[in-house]
Amino acid sequence: MRAVNLACCLSLLAASAVAQGTAPLGKPDPVEVRNLSASYELTNADSTLRCPIVLEPKPAGRGLYLNYDREICHSRFGFLGEVSAWLPGIAGAILLVARDGRIVTEFTEGVGGVYEAIRENDGVYFFANLQFVDPAERVQVKDLFGEWLLARPDAPAEGSKANPKAPPPPKPCTLALTDEVVGDQLFNLRIQPPCETALVPAGLQSWQLERGDIVLRFANGDALRFEKGEDGRWTKIPEKPRPLMLSRP
């Protein structure tokens, strides 16, 4: 029982250390190290900056060895200048740590081998495991600039047999996703009239690419998130209560 209590205490201390911004002491779990050791690509939110990094299992300072071109990558990602090693984190996370054990950045596990870190007063960064992700296939901000049609998918035609008295569905709206920066990772959005409020309420004003999704943002803080489908169209998630779809004209 005393051994169990000691193990529990050590576990809590490790979790507390991570929560306070310091990497846990002790030898990392060899299974987690083996699972995470691989070639990755570090990118900023719109993939305009890139840095190939290999997480190696050999010891380095307070953690494990990072293999990358420091001269090139430090100029692109300033926070890497503080990093001396990596470690597995809680729930599959990847920790980049400084020489004194301070956690510089924590990448949390996402979908399909892509990890994400949000650095306060800095931005969003992605860390893609190249065993599972082809960076060339990832959507980039520059791919989204231009006109889009926003519509209700599979809307019934006016006077259909299912409900002959049903009002006609709103016509698709044309949106322009511009490259005009209006905030941190935010771009200006224009609505080309006419556009019915039944389809798009007033106040839609900006957009961004976030975690691989298109996010349309309103002035009041509300947002519509769209996930890319295999057919090239983007479907609102969650679908209910108002299904919507974005597609190219």
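The values are calculated or read from the model by the stated rules, or taken from the named source; none is laboratory data. This structure is a prediction, so every number in the text was calculated from the model and none was measured. Using ideal geometry, Cβ is built from the backbone for each residue, glycine included, and neighbour counts are taken over all protein chains shown.
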- [ ] Evaluate the following for Leu144: is it surrounded by fewer than 18 Cβ atoms within 10 Å (Cβ to Cβ) and touching a residue at least 60 places away in the same chain (Cβ under 8 Å)?
- [x] no
Task: Tally of residues being closer than 16 Å to Val83 by Cβ and either over 15 Å from the mean Cα position of the chain (by Cα) or not assigned by TED's automatic domain parsing to the domain that holds Gly112 (or both) across the range 38-48 - done: 1
- [ ] Taking Phe79 as meeting all but one of (1) over 19 Å from Phe126 (Cβ atoms); (2) surrounded by fewer than 18 Cβ atoms within 10 Å (Cβ to Cβ); (3) at pLDDT 95 or above, write down the number of the exception.
- [x] (1)
Open item on the list: Looking only at the range 182-225, how many residues end up being closer than 14 Å to Trp148 by Cβ and free of Cβ contacts under 8 Å to residues at least 12 places away in the same chain?
Closed with: 1
- [ ] Among residues belonging to the range 49-63 that are over 14 Å from Leu95 (Cα atoms) and assigned to a strand (DSSP E or B), point out the one that is nearest to the chain's Cα centre (by Cα).
- [x] Arg50
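Conditions tested, residue by residue: (1) hydrophobic (A, V, I, L, M, F, W, C); (2) crowded, with 16+ Cβ neighbours inside 10 Å.
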{"site": "Trp207", "(1), (2)": "yes, yes"}
{"site": "Ala219", "(1), (2)": "yes, no"}
{"site": "Glu230", "(1), (2)": "no, no"}
{"site": "Met245", "(1), (2)": "yes, yes"}
Task: Output for the range 49-65, where each listed residue is basic (Lys, Arg) and within 17 Å of Gly101 (Cα to Cα) - done: Lys58, Arg62
Task: Pick from the range 82-102, criterion part of a helix (DSSP H, G or I) and of a type outside the set (Gly, Ala, Ser), ranking: modelled with the lowest pLDDT - done: Ile90
TODO: State all residues of the range 13-38 that are at pLDDT 90 or above and either of a type in the set (A, V, I, L, M, F, W, C) or within 28 Å of Gln185 (Cα to Cα) (or both); if no residue qualifies, say none.
DONE: Val31, Val33, Leu36, Ala38
Open item on the list: Checking Ser39 against (1) touching a residue at least 40 places away in the same chain (Cβ under 8 Å); (2) surrounded by fewer than 21 Cβ atoms within 10 Å (Cβ to Cβ); (3) within 23 Å of Thr22 (Cβ to Cβ): exactly one of these is not met. Which one?
Closed with: (3)
- [ ] Inspect the range 240-249 for any residue being of a type outside the set (Gly, Ala, Ser), over 18 Å from Lys142 (Cβ atoms) and under 21 Å from the mean Cα position of the chain (by Cα) and give the result as yes or no.
- [x] yes
Open item on the list: Of everything in the range 95-117, what is β-branched (Val, Ile, Thr), over 17 Å from Thr22 (Cα atoms) and in contact with a strand residue (DSSP E or B) (Cβ under 6 Å, 6 or more places away or on another chain)? Give them in sequence order.
Closed with: Val114
TODO: Would you mention how many residues in the range 39-59 are at pLDDT 90 or above and among the acidic types (Asp, Glu)?
DONE: 2
Task: Wholly within the range 121-222, strands (runs of 3 or more DSSP E) carrying at least 1 residues that are modelled with pLDDT of 85 or more and over 18 Å from the mean Cα position of the chain (by Cα) - done: 146-151, 173-183, 186-192, 204-210, 213-218
